[in-house]
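Visitor: Structure in structure tokens, see below.
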Amino acid sequence: MSVIAANLQAVHRSIAAAAQQAGRQPLDVALLAVAKTVPPTVVRTAFDAGQRAFGENYVQEGVDKIVALADLRSQLEWHFIGPLQSNKTRLVAEHFDWVHALDRFKIAERLSAQRPAGMAPLQVCIQVNISGEASKSGVPPAQALELARAVAGLPGLRLRGLMAIPEPASAPAAQRRPFAAMRELLAALREAGLDVDTLSMGMTADMEAAIAEGATIVRIGTAIFGARA
Ligand SMILES: *Cc1c(COP(=O)(O)O)cnc(C)c1O
């Protein structure tokens with residue numbers, strides 16, 4: 001078995017254990033393999049081990065990888081999880097299946113307009129600056145509903161839910177607090193009538209806490225591919 005296959009197996013075991021501990025079904029937590037800096041050959045190894053959803057942070061790197069792995073395209077799900085500038089929206093709209101870090105209506109409008117007619121709507125999550133860090137992207141929690149309503153009306157997009165990258169913390173209780181706030185925010189969107197089902201939250205260091213608070217997609221790089229250079 002490849003190292004990647006063994007790592008994937010270990011991550012799936014951790015997800016299952018965390019889900020069971022929270023009284024959730026392991027299959028309700030999807031694993032997104034974050035492949036930034038990982039070459040296409042290694043992504044292919046992960047594919048051979050059964051992984052189908054991959055996340056990229058940088059537009060050009062991601063598009064190059066999608067093109068290099070074009071033979072697998074119909075079997076793969078590509079998620080753009082990095083910050084997105086206006087001048088790169090077209091490439092994302094034309095190549096990716098998901099965008100996780102939407103935090104401006106202007107970007108959403110461009111993605112919707114640039115989504116090719118023959119493709120399924122782009123699945124999107126709104127990024128929330130849940131820890132209130134001055135330097136972080138994401139909308140303040142109080143503005144999430146307004147942006148979500150606006151995004152839900154765009155024809156080229158399908159609003160799926162919310163995403164966050166909380167301030168790092170090491171104690172489990174401190175890790176859970178922002179994830180719990182995200183769970184409540186998603187519930188508020190639902191109560192406002194929005195059809196949302198996704199909480200994209202949890203990375204290698206805080207995956208268990210995110211699953212305990214309802215994460216439906218965990219974004220994992222290091223535990224699968226090793227430390228990045
Ligand atoms: C790099 C990255 C991840 C994965 O982080 P790891 O700690 O390597 O698991 C998840 N989400 C985003 C937005 C990232 O940039």
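Visitor: Scan the chain and note any complete DSSP helix (H) whose C-alpha atoms cover at least 18 Å along its axis and whose Kyte-Doolittle average is -1.0 or more.
Guide: Going by DSSP H runs, the hits are 3-21, 172-191.
Visitor: Over the stretch 3-225, how many percent of alpha carbon pairs lie in each 5 Å bin up to the one with the longest distance?
Guide: Percent of pairs per bin, in order: 1, 7, 16, 19, 20, 18, 12, 6, 1, 0.
Visitor: Still on this structure: Order of Val34, Val139 from fewest to most other C-beta atoms within 10 Å?
Guide: Val139, Val34
Visitor: So, one more: Calculate, for Met1 and Gln25, the FRET efficiency according to 1/(1 + (r/R0)^6) with r their C-beta to C-beta distance and R0 30 Å; round to the nearest 0.05.
Guide: 0.70
Visitor: Same structure, new question: Thr37 versus Asp197, label points 7 Å from Cα toward the beta carbon: distance in nm?
Guide: Spacing of the two 7 Å Cα→Cβ label points: 3.5 nm.
Visitor: Calculate log10 I(q)/I(0) of the stretch 8-116 for q = 0.10, 0.18, 0.19 Å⁻¹, where I(q) comes from the Debye formula with a single equal point scatterer on each Cα and nothing for solvent.
Guide: Cα-only, vacuum Debye calculation for the stretch 8-116: -0.33, -0.91, -0.97.
Visitor: If you place +1 on the Cβ of every Lys and Arg, -1 on the Cβ of every Asp and Glu, and leave all else neutral, what size is the dipole of the chain about its Cα centre, to the nearest 20 Debye?
Guide: 220
Visitor: Among Phe105, Phe47, rank each residue by its count of other Cβ atoms within 10 Å, from fewest to most, as a rough exposure measure. Write down the numbers at each step before the final one.
Guide: Values: Phe105 14, Phe47 18.
Lowest count first: Phe105, Phe47.
Visitor: Along Cα→Cβ, 7 Å out, is where each label goes; now give me the distance between the ones at Ala171 and Glu184 in nm to one decimal.
Guide: Result: 1.9 nm between the two label points.
Visitor: Related question: May I ask you to list the residues of the stretch 134-169 whose amide nitrogen lies under 18 Å from a point 7 Å from Cα along the Cα→beta-carbon direction of Glu77?
Guide: 157-164
Visitor: Can I ask one more? Determine, from the Cβ-Cβ distance of Ser131 and Val67 and an R0 of 41 Å, the FRET efficiency 1/(1 + (r/R0)^6), rounded to the nearest 0.05.
Guide: 0.70
Visitor: Using 7 Å Cα-to-Cβ label points, what is the Ala53/Glu146 separation (nm, one decimal)?
Guide: 3.0
Visitor: Here's another thing I want to ask about it. Of His95, His79, His12, how do they rank once you tally other Cβ atoms within 10 Å and put the fewest first?
Guide: By the 10 Å Cβ count, ascending: His12, His95, His79.
Visitor: Would you please put 178-189, 214-225 in order of how densely packed they are, using the mean number of other Cβ atoms within 10 angstrom per residue and starting with the highest?
Guide: 214-225, 178-189
Visitor: Okay, next question. To the nearest 20 debye, what is the magnitude of the charge dipole of the stretch 171-229 about its Cα centre, counting +1 on the Cβ of each Lys and Arg and -1 on the Cβ of each Asp and Glu? Write out the running numbers ahead of the final one.
Guide: On the way: 6 positive and 7 negative charges, 50 e Å.
That gives the stretch 171-229 a dipole magnitude of about 240 debye.
Where a number appears in this text, it was derived from the coordinates with a stated rule and is not lab data. Computed from a predicted structure; not experimentally measured. Note that each Cβ is placed from the backbone with ideal geometry, even for glycine, and that neighbours are counted across all protein chains shown.
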